[in-house]
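These notes are about the structure you will find just below.
The values are calculated or read from the model by the stated rules, or taken from the named source; none is laboratory data. Just so it is clear, the model here is predicted, and its values are computed rather than measured. Glycine also receives a Cβ, built like all others from the backbone with ideal geometry; neighbour counts cover every protein chain displayed.
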Amino acid sequence: MHQHEPVDTIVIAGLALDYCVRSTALDGIALGYHVYVVWDACKPVHTESDAVQNVESALIKAGVRIIRASQLLSPCDVEPTR
């Protein structure tokens, strides 16, 4: 990415789906970004299905798009920087 290109999209993956990932995603939406959460690249602290479903519902309701890692570009699809 060039320094002067505006950022309008955030792609999030990580631990603590129900805390850190959720908060980051919701903050991104509140700040006007397009936000994607890579669902299968996240791990919740609370693994009960109701808790995970509640997080997913809250994110979708806020406008976050839930995607899978397989939907991301593969390294072969990206032009080398050198």
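Applying the condition of being more than 15 Å from Thr9 (Cα to Cα), at pLDDT 95 or above and not small (Gly, Ala, Ser) to the range 54-82 and asking which residue is surrounded by the most Cβ atoms within 10 Å (Cβ to Cβ) yields Leu59.
Among the residues of the range 34-50, the ones that are more than 16 Å from Arg65 (Cβ to Cβ) and either of a type in the set (Phe, Trp, Tyr) or surrounded by 13 or more Cβ atoms within 10 Å (Cβ to Cβ) (or both) come to 3 in all.
Within the range 35-67, being in a helix (DSSP H, G or I) and not aliphatic (A, V, I, L, M) holds for Ser49, Asp50, Gln53, Asn54, Glu56, Ser57, Lys61.
Whenever a residue of the range 11-33 is surrounded by 13 or more Cβ atoms within 10 Å (Cβ to Cβ), its partners that are of a type in the set (S, T, N, Q) and modelled with pLDDT of 95 or more, lying with C-beta atoms within less than 6 angstrom and at least six residues away or across chains, give the pairs Ile12/Thr24.
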